1. So which residues in segment 73-85 are exposed (fewer than 15 other Cβ atoms within 10 Å of the Cβ) and either assigned to a strand (DSSP E or B) or touching a residue at least 60 places away in the same chain (Cβ under 8 Å) (or both), if there are any at all?
2. Out of the residues in segment 138-152 meeting the condition of being assigned to a strand (DSSP E or B) and at pLDDT below 75, tell me which one is least open to solvent (accessible area, probe 1.4 Å).
3. Got a number for residues in segment 58-72 being open to solvent by 70 Å² or more (accessible area, probe 1.4 Å) and within 16 Å of Tyr154 (Cβ to Cβ)?
4. Pairs only if they're at least six apart or on different chains, beta carbon under 9 angstrom, first in segment 90-106 and under 15 Å from Tyr142 (Cα atoms), second of a type in the set (Lys, Arg) and crowded, with 19+ Cβ neighbours inside 10 Å; list them, first residue then second.
5. Which one is surrounded by the most Cβ atoms within 10 Å (Cβ to Cβ), of the residues in segment 86-127 that are modelled with pLDDT of 75 or more, within 17 Å of Ala152 (Cβ to Cβ) and among the hydroxyl-bearing types (Ser, Thr, Tyr)?
6. Output the residues belonging to segment 36-63 that are among the hydrophobic types (A, V, I, L, M, F, W, C) and either in contact with a Leu (Cβ under 8 Å, 6 or more places away or on another chain) or modelled with pLDDT of 95 or more (or both).
7. Among the residues of segment 46-55 satisfying the criterion of being of a type outside the set (A, V, I, L, M) and farther than 16 Å from Arg102 by Cα, which is surrounded by the fewest Cβ atoms within 10 Å (Cβ to Cβ)?
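The values are calculated or read from the model by the stated rules, or taken from the named source; none is laboratory data. The model shown is predicted, which means the values in this text are computed figures rather than measured ones. Here Cβ is always computed from backbone atoms with ideal geometry, including for glycine, and neighbour counts include all displayed protein chains. Please note that ligands, DNA and RNA were not included when accessible areas were found on the heavy atoms of the full protein model with its side chains. Shrake-Rupley method; radii C 1.70, N 1.55, O 1.52, S 1.80 Å.
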Amino acid sequence: MKKIIAIILCFLLLSACTPAENGEDIDMNEELTESTDDAVSMGGMMGIANPISSYDTAEEVEAVTGILLNIPERAENTAFSTITGTIAQARFTLDGIEYTLRASKEAPTAALHGIYADIVSTEGFATTGGLTVTATNLGDAYSVCEWEFDGAFYSLSRDGVEDMSMVVEMVMGFVE
């Protein structure tokens, strides 16, 4: 009895795999390729959407977010972008150290800097312009400064840890 059931199941499986009745071969990949091509030609993407959009200048980022990222003139390897169209971002190298500056007019619901590590120490600095900067040491890997200025929230992160007062002085250059 088991053999008869197995033969019937094999027959049904083979009949389901036969070509279409009109003799036309069906290419299942063709439909997938066409839909992928349509999505790409319409500017879409397959899969998870990338929330980061790249720009050539700080002015282009300002046009999208309303925030001008003021980075030091002698900064090198600059790259400007937005994240979800609401966070302005500039990555740059200054004196051989890599920095990431982010700003948003929306209050951050999580760490604006995007670094999730244990806080080793936090220091508050009051600057000459009445600006309060919070400097945070995140272990041996990163240090972060955060402040609010002119209706926007800012974070400046860098690789490595050293005297944070130097980074706070650099922050003053962003807001002047």
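1. Initially, segment 73-85 is screened for residues exposed (fewer than 15 other Cβ atoms within 10 Å of the Cβ), giving 73-74, 76-77, 79, 84-85.
Selection gives Glu76, Asn77, Ala79.
2. Within segment 138-152, the subset assigned to a strand (DSSP E or B) is 138, 142-149, 152.
Narrowing further to those that are at pLDDT below 75: 138, 142.
Values: Leu138: 11, Tyr142: 83 Å².
If we take residues in segment 138-152 being assigned to a strand (DSSP E or B) and at pLDDT below 75, then Leu138 is least open to solvent (accessible area, probe 1.4 Å).
3. Here is the first cut: in segment 58-72, the ones open to solvent by 70 Å² or more (accessible area, probe 1.4 Å) are 59-60, 62-63, 68.
In the following step, the residues that additionally are within 16 Å of Tyr154 (Cβ to Cβ) were identified as 62, 68.
Of the residues in that region, 2 qualify.
4. Hits for this filter: Ile97/Arg158; Glu98/Arg158; Tyr99/Arg158; Thr100/Arg158.
5. Ser104
6. So in segment 36-63, the residues among the hydrophobic types (A, V, I, L, M, F, W, C) come out as 39-40, 42, 45-46, 48-49, 52, 58, 61, 63.
Of everything in segment 36-63, those that are among the hydrophobic types (A, V, I, L, M, F, W, C) and either in contact with a Leu (Cβ under 8 Å, 6 or more places away or on another chain) or modelled with pLDDT of 95 or more (or both) turn out to be Ala58, Val61, Ala63.
7. First, pick out the residues of segment 46-55 that are of a type outside the set (A, V, I, L, M): 47, 50-51, 53-55.
Still in the running and farther than 16 Å from Arg102 by Cα: 47, 50.
Numbers: Gly47: 5, Asn50: 9.
Only one residue fits best here, namely Gly47.
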